[in-house]
Amino acid sequence: MMACNYDMTATVDDGSCYFVGNACDDNNADTENDVYMMDCTCMGTPIQTNTVWDIIQNSADHTTLELAIVTAGLDGALSGPGPFTVFAPTDAAFNLLDPLVIAGLLADLPALNAALLYHVTGTQYLSTDLSDMMEIPMLSGDTSMITINAEGAFIDAAQLTVV
């Protein structure tokens with residue numbers, strides 16, 4: 001029987017699980033700070049991630065967008081590693097539309113998909129990355145224009161409220 005301590009040939013386990021010169025790596029990219037456990041297995045601390053889908057799901061201001069993403073079946077893609085930036089309309093923005101327009105869009109999956117992909121980029125953009133007259137390629141294949149002026153920051157005609 002092999003024991004898991006300072007001496008790799010020991011027959012009694014002193015509980016140390018320390019291997020001189022042998023780094024513990026559990027080969028899981030989703031963990032960090034890997035250490036030997038009491039049973040001498042290697043395990044790391046899970047890395048906390050927040051996908052754009054997590055952010056949308058946990059937002060009280062994006063319930064209509066959440067419904068649209070689920071309806072279109074894009075929740076799985078937006079749960080991926082990305083990078084993504086979503087220029088996400090809030091419920092207040094959706095409330096400015098006629099409810100029949102929203103209902104029609106939710107019933108027309110190709111149009112819904114196109115509308116949603118028009119709001120997503122395949123690049124991570126922070127507020128410090130945005131500049132006036134900047135063109136941003138959207139996943140729909142279209143390009144949106146960033147405008148920054150005394151009134152605020154805009155993507156096309158929509159004002160960015162959180163950047």
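The values are calculated or read from the model by the stated rules, or taken from the named source; none is laboratory data. Since the model is a prediction, treat every value here as computed from it, not as a measurement. Note that each Cβ is placed from the backbone with ideal geometry, even for glycine, and that neighbours are counted across all protein chains shown. Keep in mind that these areas ignore ligands, DNA and RNA; they rest on the heavy atoms of the full protein, side chains included. Shrake-Rupley method; radii C 1.70, N 1.55, O 1.52, S 1.80 Å.
Quick rundown of the values:
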{"item": "Cross-chain or 6+ apart pairs with Cβ under 8 Å, segment 96-119 first and at positive phi, then assigned to a helix (DSSP H, G or I) and modelled with pLDDT of 95 or more", "result": "none"}
{"item": "Residue, nearest to residue 73 (Cα to Cα), within segment 130-153, restricted to residues that are open to solvent by 70 Å² or more (accessible area, probe 1.4 Å) and without any contact (Cβ under 8 Å) to a residue 12 or more places away in the chain", "result": "143"}
{"item": "Filter pass, residue 100 being open to solvent by less than 70 Å² (accessible area, probe 1.4 Å), closer than 19 Å to residue 68 by Cβ and more than 24 Å from the chain's Cα centre (by Cα)", "result": "no"}
{"item": "Any chance residue 93 is buried (at least 16 other Cβ atoms within 10 Å of the Cβ) and outside any strand (DSSP E or B)", "result": "yes"}
{"item": "Segment 63-80 residues that are outside any helix (DSSP H, G or I), paired with ones that are aromatic (Phe, Trp, Tyr) (beta carbon under 7 Å, 6 or more apart)", "result": "79/53"}
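For every residue, the table says whether it meets (1) farther than 23 Å from residue 160 by Cα; (2) part of a helix (DSSP H, G or I).
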{"residue": "32", "(1), (2)": "yes, no"}
{"residue": "56", "(1), (2)": "no, yes"}
{"residue": "60", "(1), (2)": "no, no"}
{"residue": "88", "(1), (2)": "no, no"}
{"residue": "116", "(1), (2)": "no, yes"}
{"residue": "131", "(1), (2)": "no, no"}
{"residue": "144", "(1), (2)": "no, no"}
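Residues checked against (1) open to solvent by 30 Å² or more (accessible area, probe 1.4 Å); (2) touching a Leu at 6+ places or on another chain (Cβ under 9 Å); (3) under 28 Å from residue 151 (Cα atoms):
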residue	(1), (2), (3)
46	yes, no, no
57	yes, no, no
84	yes, yes, yes
124	yes, no, yes
